[in-house]
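Just below is one structure, and these are the notes that go with it.
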Amino acid sequence: MDVRRVKDYLYWLYYQYQLVTCSYVLEPWEQSMFHTITVTVLAMVAYTAYVFVPIHVRLALEFFSQIFGPRAEGA
């Protein structure tokens, strides 16, 4: 894969991010603060999903396995 194409593609993605968030109209110091807050929030969401989603999925599977699990004998 061509390094130039990858670099152009990453630049295009960053440009799309700036257009969607309208951060291209901010001053440089405001952009850095905005990007820092955005990255921090996304990192916290990813960590929370990594820690808590498996627990909730396991609990949901246990709950539904009790409801739809093996029927009582003699039924």
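Taken together, the values in this text are just the output of simple stated rules run on the coordinates, not laboratory data. In this text the structure is predicted, and so the values were computed from the model without any measurement. So basically every Cβ, Gly included, is an ideal-geometry build from the backbone, and we count neighbours across all protein chains shown.
Being over 16 Å from Tyr14 (Cα atoms) and not hydrophobic (A, V, I, L, M, F, W, C) is the filter here; which residues of the stretch 31-60 pass it? Within the stretch 31-60, Thr40, Tyr47, Thr48, Tyr50, Pro54, His56, Arg58 qualify.
Matching residues to (1) outside any helix (DSSP H, G or I); (2) aromatic (Phe, Trp, Tyr); (3) surrounded by 10 or more Cβ atoms within 10 Å (Cβ to Cβ):
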{"site": "Asp8", "(1), (2), (3)": "no, no, yes"}
{"site": "Leu19", "(1), (2), (3)": "no, no, yes"}
{"site": "Trp29", "(1), (2), (3)": "no, yes, no"}
{"site": "Leu59", "(1), (2), (3)": "no, no, yes"}
{"site": "Phe63", "(1), (2), (3)": "no, yes, yes"}
{"site": "Gln66", "(1), (2), (3)": "no, no, no"}
